[in-house]
1. Can you compute 3J(HN,Hα) from phi for each residue in the range 138-150, using the Karplus curve 6.51 cos²θ - 1.76 cosθ + 1.60 with θ = phi - 60°, rounded to whole Hz and x for Gly and Pro?
2. Just how large is the dipole of the range 1-112 about the Cα centre, in debye to the nearest 20, putting +1 at every Lys and Arg Cβ and -1 at every Asp and Glu Cβ?
3. Excluding residues on the same chain fewer than 8 positions from Lys74, give the lysines whose Cα lies under 29 Å from its Cα.
4. Rounded to the nearest 0.05, what FRET efficiency is calculated for Phe161 and Ala122 with R0 set to 22 Å and r the Cβ-Cβ distance?
5. When Lys and Arg each count +1 and Asp and Glu each count -1, what net charge do the other residues less than 14 Å away from Leu127, Cβ to Cβ, add up to?
6. Using a cut-off of 13 Å between beta-carbons, work out the net charge of the residues near Thr138 (Lys and Arg +1, Asp and Glu -1, Thr138 not included).
7. With +1 on each Lys and Arg Cβ and -1 on each Asp and Glu Cβ, and nothing else charged, work out how big the dipole of the range 41-167 is about its Cα centre, in Debye to the nearest 20.
8. Under a plain spin-label model, where a point goes 7 Å from the Cα along Cα-to-Cβ, how far apart in nm are Arg149 and Cys133?
Amino acid sequence: MIGQVREWIHGARHIAVLTGAGMSAESGVPTFRDAQTGLWAQFDPQQLATEEAFRADPSRVWDWYAFRRGMIAKVEPNAGHRALAAFAQRHPGRMTLITQNVDGLHQRAGSAGVLALHGNIAEDKWLDRPKACCRFETALPGSPPRCARCGSMLRPDVVWFGEMLPVAVLAAAQEAAQTCDLMLVVGTSGVVYPAAGLARTAAGKVVVVNPEPTGLDDAADAVLRGKAAQLLPQLLED
Ligand code: BV8
């Protein structure tokens, strides 16, 4: 099956790639659903990654992101991230990388123009519309940091459940899906929408790369049961 997929890759004018948390598993970042280790085991990420949870208990949600930021700061991109970046550099314009991940590892591996559907955990933004006094550089440190003048809170610049995805990024991802000859769906359980929906609207053949069954296997033309950092270098080498 790997040979067949390599042929599809070789013949594809435009490849769309959709990645999820499994892409970063071999870098040591726990996947989104099993990220709840230790201190956070008792919380459900779908409960914490919401505006409602943040407004109800800003310091608990802020500390959860601080914990994840600390973990991500210690890891490196893996061979799967690097294989995607190297392929796109060798074949300019042939690959569009769409990620659900907020860890920035594709960007650190050298991928350019990454469509980050759910934002970037390393960035902050104001929870409410910022006033003239709200400036990052004068925010008071804290959990969360607040405007020194009006007390407005900063929040992680990620897309929470129930929030719209960045419109231009989603539109570019939909365009890539609807014009590709091939879509590689790597390391995602295919549960979260509208991201997972991209694999269902792909114009080209869909290939799932995942060691476990996913919610998108039924939409796949091929399913490769394996790990991203092992399979992607094999699939993408020229
Ligand atoms: C929205 C950022 C609407 C925050 C995240 C239908 C249509 C539209 C929306 C919905 C819908 N049905 C339900 C919804 C609502 C909701 C949703 O999808 N809920 C799900 C749970 C049912 N969607 C939303 O709320 C979205 N917004 O729809 O807005 C709207 C419209 C108008 C106006 C206002 C609003 C927003 C969703 C974004 C949420 N934010 N992240 C943060 O990170 O803190 S989502 C988060 O979970 C991740 O970013 C990721 O995207 C997502 C999914 O996780 P996966 O990446 O798939 O990871 P998971 O752990 O699940 O699986 C890992 C996989 O890796 C596994 O399959 C495993 O086998 C595999 N794996 C493990 N090791 C490896 C591996 N694979 C390869 N190699 C390995 N080594």
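1. 10, 4, 7, x, x, 10, x, x, 9, 5, 5, 8, 10
2. With Lys and Arg at +1 and Asp and Glu at -1, about 520 debye.
3. In chain and number order, the partners are Lys125, Lys227.
4. Numbers: r = 20 Å, r/R0 = 0.91.
The value I calculate is 0.65.
5. Summing Lys/Arg as +1 and Asp/Glu as -1 gives -2.
6. +3
7. 380 debye
8. Between Arg149 and Cys133, the simple spin-label model gives 0.7 nm.
We did not get these values from a lab; they are worked out from the coordinates using the rules stated. Bear in mind that the values here come from a model prediction, so they are computed numbers and not experimental data. Don't worry about glycine lacking a Cβ; one is built from the backbone with ideal geometry, like all the others, and counts go over all protein chains shown.
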